[in-house]
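First the structure, in the form of structure tokens, and then the observations on it.
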Amino acid sequence: MVTKIIFIRHAEAMGNVTGRYQGRSDADVTENGRKQLDALAERFKEIPFDVIYTSPLSRTRATAEAVNRYNKKEIIIEDGLLEFDGGKWEGKKWDDIAIEFPDELYDWNNHLEKLTAPDGESIAGLRVRMAETVRKILKENKGKTIVAVSHGCALRTYFNYALNLPFEEINNDHWVMNTSLTLFEYDDDLKATMIYKEDATHLENAGVPVKKH
């Protein structure tokens, strides 16, 4: 029995364009983000699914609601899909983080697997949290197609785990685009196979700017 999860990164939010670490901060979706959500809603007219799980932040909930605009499936709030807890980084400008926390920022850019945010979470802990959360979702929905809406760092870290890639090579990957789709299929033993990654054709077809963050 195959179970599927379509992972989606939230729509563009203010932290993506204002040079701040938004993490757990509840930043609003931008005007461009709202265009992304409209395009995403149209895309999901053609994609069948059974249930949606989403991080509780407003930018992810707005994204889940766009997925559900023409479908009316159950939306389940799942704290395990939250973004990396940046601790003292939360809401700060990256320029200020560079001054106040240069060692941690170096790890963020070069050795993400080693990072523990000041008074926040570790990337290793995030990796475990995301793996446990997805495992729980899979066990609750065997044989179904699931949509899971989360965040850039959380998804990047989970994909590293699910594909059994070396943790120390996580910086070789990149952040998936806002509202892009990544499909995994899982067998009865919950072994993951990536079918496609970072599909944002709905944005391209709608003429919505595609930005990498």
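Ordering Ile6, Ile99, Ile77 from largest to smallest accessible area (1.4 angstrom probe), what's the sequence?
Accessible-area ranking of Ile6, Ile99, Ile77, largest first: Ile99, Ile77, Ile6.
On the full set of protein chains, 1.4 Å probe, figure out the accessible area of His202 and give it in Å² to the nearest 10.
Its heavy atoms expose roughly 10 Å² to the probe.
Where does each of Thr18, Thr60 land when they are ordered by accessible area, with a 1.4 Å probe and the largest first?
Of Thr18, Thr60, the descending order of accessible area is Thr18, Thr60.
Based on the Cβ-Cβ distance of Ile99 and Arg34, what FRET efficiency does E = 1/(1 + (r/R0)^6) give at R0 = 45 Å, to the nearest 0.05?
0.85
What 222 nm value per residue comes from the helices of the chain, counting each DSSP H run with n ≥ 4 as -39,500 (n - 2.57) and dividing by all residues, nearest 500 deg cm²/dmol?
Result for the chain, helices only: -10500 deg cm²/dmol.
Distance in nm between label sites at His174 and Lys144, each 7 Å beyond Cα in the beta-carbon direction?
3.4
Taking a probe of 1.4 angstrom, what is the accessible area of Glu104 in Å², to the nearest 10?
Estimated to the nearest 10 Å², Glu104 gives 50 Å².
When the dipole is taken about the Cα centre of region 23-182, and only Lys, Arg (+1) and Asp, Glu (-1) are charged at their Cβ, what size is it in debye, to the nearest 20?
Dipole of region 23-182, to the nearest 20 debye: 900 debye.
Could you pull out the chymotrypsin sites (Phe, Trp or Tyr not before Pro) across region 22-87 that fall in loop regions by DSSP (anything but H, G, I, E, B) with no more than 14 other Cβ atoms inside 10 Å?
When the chymotrypsin sites (Phe, Trp or Tyr not before Pro) of region 22-87 are filtered for loop state and at most 14 Cβ neighbours within 10 Å, Tyr70 remain.
Rounded to the nearest 10 Å², what accessible area does Met194 have for a 1.4 Å probe in the complete protein model?
60
Report for the chain the percent antiparallel among DSSP-assigned beta bridges with both residues inside it, nearest 5.
50
Considering amide H positions built from the backbone, and no H for Pro or chain starts, which residues 5 or more places from Tyr53, or on another chain, come under 5 Å of its amide H?
Those qualifying (amide H under 5 Å, at least 5 residues apart or on another chain) are Ile76, Val147, Ala148, Val149.
Which of Lys73/Lys139; Lys45/Lys136; Lys4/Lys136; Lys35/Lys88 have a Cα-Cα distance over 25 Å?
Beyond 25 Å between Cα atoms: Lys45/Lys136; Lys35/Lys88.
Are there trypsin sites (Lys or Arg not before Pro) in region 167-213 that DSSP marks as loop and that have at most 14 other Cβ atoms within 10 Å, and which are they?
Lys191, Lys211, Lys212
For region 82-139 and region 36-73, what is the separation of their Cα centres, given in Å?
A separation of 26 Å, based on Cα centres.
Over all distinct Cα pairs, what is the inverse of the mean 1/r for the chain, reported as the Kirkwood hydrodynamic radius in Å?
17.3
Of Ile170, Met130, Met194, which is farthest along the charge dipole of region 109-200 in the positive direction, counting Lys and Arg as +1 and Asp and Glu as -1 at C-beta?
After comparing all options, I get Met130.
The values are calculated or read from the model by the stated rules, or taken from the named source; none is laboratory data. Everything numeric in this text was worked out from a predicted model, so none of it was measured. Positions of Cβ are backbone-derived with ideal geometry, glycine not excepted, and every protein chain shown enters the neighbour counts. SASA here: full protein model, heavy atoms, side chains in, ligands and nucleic acids out. Shrake-Rupley method; radii C 1.70, N 1.55, O 1.52, S 1.80 Å.
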